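Below is a structure I'd like to ask you about.
Derivation of every value follows stated rules applied to the coordinates shown; laboratory data play no part. Note that the structure is predicted; figures quoted are calculated from it, not measured. In this analysis, Cβ positions are derived from the backbone assuming ideal geometry, glycine residues included, and neighbour counts consider all displayed protein chains.
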Amino acid sequence: MNRWVGTVAVVTGFSSGIGQAIAEALVKNGIIVAGLARRIEIVEKQSDNLRQEKGKLYGFKCDVTKSDQIINSFKAITETLGPISILVNNAGINLEADLIDGDIDKWRQIMDTNVMALNVCTREAISSMKAHDIKGHIIHINSISGHMLFEVSGFSLYSATKHAVTTLTEVLRREIISAKLPIKLTSISPGVVKTNFFLNSFGEDGDKVFEGRPYLSSQDIAENVMYVLSTPEHVDIKELTVVTQGYLY
């Protein structure tokens with residue numbers, strides 16, 4: 001991780017859970033982290049908690065469903081903190097909405113957050129990396145639901161967006177290779193992680209997902225992000241699937 005000390009990383013979906021754990025781990029490894037979140041006060045509070053660490057955390061208020069806000073945020077990050085070396089596309093949501101009679105606005109919000117925001121953030125990060133000749137690393141926080149289908153009501157569009165992330169990752173990899181860019185690209189696909197994700201998706205019933213089954217923690221995913229970042233320059237981990245030991249998925 002030493003080669004990343006003092007460089008700039010952008011983490012989306014920072015406000016809680018996996019994104020917060022990743023940002024904290026990056027700061028502890030001496031990296032300057034720009035956390036994108038709609039609730040900027042959460043980033044500022046976490047920044048205070050990490051004041052004694054090797055790196056530093058800065059908050060940038062951004063609704064990633066708004067492309068203009070993403071573009072402006074990346075511009076501000078580059079101008080104030082420096083060129084971007086690492087991007088962690090962590091922002092992702094699920095809203096309970098099936099396909100037969102689903103809410104169109106919910107569909108659009110899921111697509112905009114899970115797919116469009118990832119594309120726009122990636123484009124802006126690569127633009128910064130290219131402009132400053134940086135050997136960067138882009139990490140998509142995907143999901144095992146991007147590789148298989150779950151017969152669970154309310155997950156129809158979420159799974160479709162994560163399948164899109166799986167495909168987009170490989171398409172982007174081919175574009176990076178074709179353009180001869182020194183940028184690594186990794187998809188990390190966790191199984192069930194104990195965060196507020198399911199509560200936000202299904203309300204009070206969300207925690208029932210964890211009843212009687214093992215689950216991962218946000219720190220588990222953060223440790224895997226640190227692992228892929230710590231690999232030698234010639235090693236590029238394309239896909240890392242992370243599940244609880246001894247459980248099917």
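Tell me, 150, 155, 14, 74 in order of fewest to most beta-carbon neighbours within 10 Å?
The most exposed by this proxy come first: 150, 155, 74, 14.
Could I ask something else about it? Please report the equivalent ellipsoid semi-axes of the chain, computed as sqrt(5 x eigenvalue) of the Cα gyration tensor, largest first, in whole Å.
27, 20, 19
Classify the stretch 1-91 as rounded, prolate or oblate, taking a ≥ b ≥ c as the square roots of the eigenvalues of its Cα gyration tensor: rounded when a/c is under 1.5, otherwise prolate if a/b is larger than b/c and oblate if not.
Oblate, since a/c reaches 1.5 and b/c is not below a/b.
Equivalent ellipsoid semi-axes for the stretch 56-200, as square roots of 5 times the alpha carbon gyration tensor eigenvalues: give them largest first, rounded to whole Å.
28, 18, 13
Cα-Cα over 21 Å: which of 75/180; 66/238; 135/180?
Values: 75/180 24 Å; 66/238 28 Å; 135/180 11 Å.
The pairs that break the limit, which is 21 Å between Cα atoms, are 75/180; 66/238.
The stretch 64-139: D in µm²/s via Stokes-Einstein (Kirkwood Rh, Cα pairs, 25 °C, 0.890 mPa s)?
181 µm²/s
Give me the percent of DSSP beta bridges within the chain that run antiparallel, rounded to the nearest 5.
Given both bridge residues lie in the chain, the antiparallel proportion sits at roughly 0 percent.
Moving on. Would you list 98, 236, 133 from fewest to most Cβ contacts within 10 Å?
Working: 98 12, 236 16, 133 9.
Fewest-to-most ranking of 98, 236, 133: 133, 98, 236.
Taking N as the number of residues in the stretch 119-177, what value does Rg over Cα atoms divided by 2.2 N^0.38 Å take? Present the calculation step by step, with values, prior to reporting the outcome.
Numbers: Rg = 14.2 Å, N = 59, 2.2 N^0.38 = 10.4 Å.
Computed over Cα atoms of the stretch 119-177, the ratio equals 1.37.
So for 180, 66, fewest C-beta neighbours within 10 Å to most, what's the order?
180, 66
Considering the chain as a Gaussian network with a 10 Å cut-off on Cα pairs, which listed residue, 119, 49, 224, attains the greatest mean-square fluctuation?
In the Gaussian network model the winner is 49.
Another one. Between residue 31 and residues 5 or more places away or on another chain, which pairs have amide H atoms under 5 Å apart, with H built 1.01 Å from N, and which residues are they?
For residue 31, the qualifying residues are 6, 55, 56.
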